[in-house]
1. Find all pairs meeting these conditions: Cβ atoms under 8 angstrom apart; at least six residues apart or on different chains; first residue within segment 43-62 and of a type in the set (Ser, Thr, Tyr); second residue buried (at least 17 other Cβ atoms within 10 Å of the Cβ) and part of a loop (DSSP other than H, G, I, E, B).
2. Mind checking whether some residue in segment 107-124 is of a type outside the set (Asp, Glu) and at pLDDT below 80?
3. Condition (residue is in contact with a helix residue (DSSP H, G or I) (Cβ under 8 Å, 6 or more places away or on another chain) and at positive phi) applied to segment 68-77: is it met by at least one residue?
4. With more than 17 Å from Gly63 (Cβ to Cβ) and open to solvent by less than 30 Å² (accessible area, probe 1.4 Å) as the only criterion, which of Ala91, Ala123, Ala145, Ala161 stands out?
5. Looking only at strands (runs of 3 or more DSSP E) that fall completely inside segment 39-151, which ones have 3 or more residues that are under 20 Å from Trp163 (Cβ atoms)?
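The values are calculated or read from the model by the stated rules, or taken from the named source; none is laboratory data. Just so it is clear, the structure is predicted and the values come from calculations on it, not from any experiment. Methodologically, a virtual Cβ is constructed for each residue, glycine included, from the backbone with ideal geometry; neighbour enumeration extends over all protein chains shown. The protein model used for the area step is the full one, side chains on, heavy atoms only, and it has no ligands, DNA or RNA in it. Shrake-Rupley method; radii C 1.70, N 1.55, O 1.52, S 1.80 Å.
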Amino acid sequence: MSNWRTILGATFVAVGLVGGVATWAQRGSEPNKSPELSIEDYIEIQQLVARYPYPLDTNPDFGKSYAAQFTEDGIFHNQADHYYRGHADIASAANLNKRPPTPNNVGHFIFSHVIRPTANGGAVGHEQNFLISEVGAAQDGRRAASIVSYQYVDIYEKTSAGWKFKVRSHPWPGAEPPEREGDRWRIRPLSRP
């Protein structure tokens, strides 16, 4: 009877070892597999993107709250192929026309947001955007509107203050964003108007 128990015990140990080795081998064969993002990570990134248009459109503090959505060394790449790096530079990009705060001027509407985790623990995303702008002079209390559709392509980084934009590229529709290499973009030398 004790011989039977020894064989049964050895069988369970062997099956456990084989299962453990198989699991370890599977994980080892996928070293570049991206870690999963938590539900909280997805929600925080979605909230970052949802908040993005308000400080840009309303300009409450001349670009400062807009720039605060980026990492300290964050980059904004605009449609004119200019690069802005760091909070001061990005704040100036948000306030290029030196307009005063305009609390009722929300014109960017972002939708179709897709988020994908990256192997370095960060995330990338892209989304579509409608920009609705008034054009021309008002007639009979009405004004013409322009509606333009374009996209954003992002790299997000988790910081001690939460998720931020590491890179936000705003290419023309159909244009290619900066060249990508894995989780990183090769950024051309900085330029600005």
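1. Matching pairs, first to second residue: Tyr52/Gln69.
2. In the first step, residues of segment 107-124 are kept if they are of a type outside the set (Asp, Glu); the result is 107-124.
Among the residues that remain, those that are also at pLDDT below 80 are: none.
Checking segment 107-124: not a single residue is of a type outside the set (Asp, Glu) and at pLDDT below 80.
3. No - not one qualifying residue is present in segment 68-77.
4. Details: Ala91 fails: more than 17 Å from Gly63 (Cβ to Cβ); Ala145 fails: open to solvent by less than 30 Å² (accessible area, probe 1.4 Å); Ala161 fails: open to solvent by less than 30 Å² (accessible area, probe 1.4 Å).
Answer to the check: Ala123.
5. Details: elements: 70-77, 83-85, 108-117, 123-139.
Answer list for segment 39-151: 70-77, 108-117, 123-139.
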